[in-house]
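The values are calculated or read from the model by the stated rules, or taken from the named source; none is laboratory data. No experiment lies behind these values; they were computed from the predicted model shown. In this analysis, Cβ positions are derived from the backbone assuming ideal geometry, glycine residues included, and neighbour counts consider all displayed protein chains.
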Amino acid sequence: MLVSGNKLLQKAKKCGYAVGAFNTNNLEITKAIISAAVETNSPVFLQLSSGALKYGGFELAGLALAFAEKVPVPVAVHLDHGPSIEVAMECISFGFSSVMIDGSALPFAKNVALTKKVVAVAHRKGVSVEAELGQLKGREDEVFAAKHSYTDPAAAAKFVKLTGCDSLAVAIGTSHGAYKFKGTPNIDLKRLASITAAVDIPLVLHGASSVHSSLVAMANKYGAKISNAKGVPEQQIRKAIKLGICKVNEDTDLRIAFAAAVRKFLEENLSAYDPREILAPATEAMKEVVIRRIKILGSEGKA
């Protein structure tokens, strides 16, 4: 069933778990996410970035909405890293139940002004709004920052009060992409605790893929060249949830699982040419990634 993002997050905040937010770019990824959510009886965010919309058009969004509306578990169809008020408005009009407006690269006052405009329109339509303060280093899809800009707790409190946003993505040391850390993976949990104490809305963790070594090894075994990839350890994600994180984003692990499964199938089945046969193992591999993440986040059985 299609529900607002805020409905999912308020329950997660109250009950002490987090909801997984998974990016989709095609039919197979969408099927993997939804089937995993149904199998685990878990709420879920089905996310599309502006890059995904450029790639698949709003036809891809229509597919996501169709899946969300027909299943028995609560699903929020969400715009991830909305780059402008125009894109956010288009998604709201199309039927998204949640949008992110990402003004994190802007000065504080301009970020506030942009977010307030989106909140005003979205709330009239019953759509929830995620905003971001601080920036994550790295690249994923069309999002890029050359360095970290950590979220300041006092600024976060002021930002939330001024904008009325429903949830806030915070920068505490995670990064977009498969290469999150050069040394020992470490996120600033002390900073997170301070932000949680300063604001009273659900917090969101971006750049949180764990980049599982088994998936990387499988992809590399069959011809990929993903070296020195390092993600966020699952134990740190669990700690972050205890300190107030209510939504955790996942994209990179889905991409690696997809690539690994397709490479393996094609090498082992040289005569295959039916895309349905080729992509079926990838769908199953991504489904397993989503199920594992749902269990880590504690949302299994919380639909």
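Number of residues in the stretch 52-70 that are crowded, with 20+ Cβ neighbours inside 10 Å and among the aromatic types (Phe, Trp, Tyr): the value is 1.
Conditions (1) out of contact with any Phe, Trp or Tyr (no Cβ under 9 Å at 6 or more places or on another chain); (2) at pLDDT below 95; (3) in a loop (DSSP other than H, G, I, E, B); (4) hydroxyl-bearing (Ser, Thr, Tyr), marked per residue:
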| residue | (1), (2), (3), (4) |
| --- | --- |
| Arg139 | yes, yes, no, no |
| Ala155 | no, no, no, no |
| Lys161 | yes, no, no, no |
| Phe181 | yes, yes, yes, no |
| Leu192 | yes, no, no, no |
| Thr196 | yes, no, no, yes |
| Ser209 | yes, yes, yes, yes |
| Ser214 | yes, yes, no, yes |
| Val232 | no, yes, yes, no |
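Considering the stretch 247-276, and only residues there that are among the hydroxyl-bearing types (Ser, Thr, Tyr) and assigned to a loop (DSSP other than H, G, I, E, B), the residue that is farthest from Ile33 (Cα to Cα) turns out to be Ser271. Given the criteria charged (D, E, K, R), without any contact (Cβ under 8 Å) to a residue 24 or more places away in the chain, outside any loop (DSSP other than H, G, I, E, B) and farther than 20 Å from Leu2 by Cβ, does Lys110 qualify? Spelling it out, Lys110 is indeed charged (D, E, K, R), without any contact (Cβ under 8 Å) to a residue 24 or more places away in the chain, outside any loop (DSSP other than H, G, I, E, B) and farther than 20 Å from Leu2 by Cβ. Residues in the stretch 50-67 that are of a type in the set (Gly, Ala, Ser) and within 18 Å of Asp102 (Cβ to Cβ): Ser50, Gly51, Ala52, Ala61. Does Ala219 qualify as being outside any loop (DSSP other than H, G, I, E, B), at pLDDT 95 or above and of a type outside the set (Asp, Glu)? When the stated conditions are applied, Ala219 does not pass them. I need a count of the residues in the stretch 71-114 that are surrounded by fewer than 24 Cβ atoms within 10 Å (Cβ to Cβ) and polar (S, T, N, Q). Looking only at that region, the number is 4. Restricting attention to the stretch 252-271, the residues that are among the hydrophobic types (A, V, I, L, M, F, W, C), over 25 Å from the mean Cα position of the chain (by Cα) and either within 10 Å of Ala282 (Cα to Cα) or buried (at least 24 other Cβ atoms within 10 Å of the Cβ) (or both) add up to 1.
Here is a yes/no grid of residues against (1) crowded, with 21+ Cβ neighbours inside 10 Å; (2) among the hydroxyl-bearing types (Ser, Thr, Tyr):
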| residue | (1), (2) |
| --- | --- |
| Val3 | no, no |
| Asn6 | yes, no |
| Lys11 | no, no |
| Ala18 | yes, no |
| Phe22 | yes, no |
| Thr30 | yes, yes |
| Ser35 | no, yes |
| Asn41 | no, no |
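Right, Glu284: over 24 Å from His78 (Cα atoms), among the charged types (D, E, K, R) and modelled with pLDDT of 95 or more or not? In short, no.
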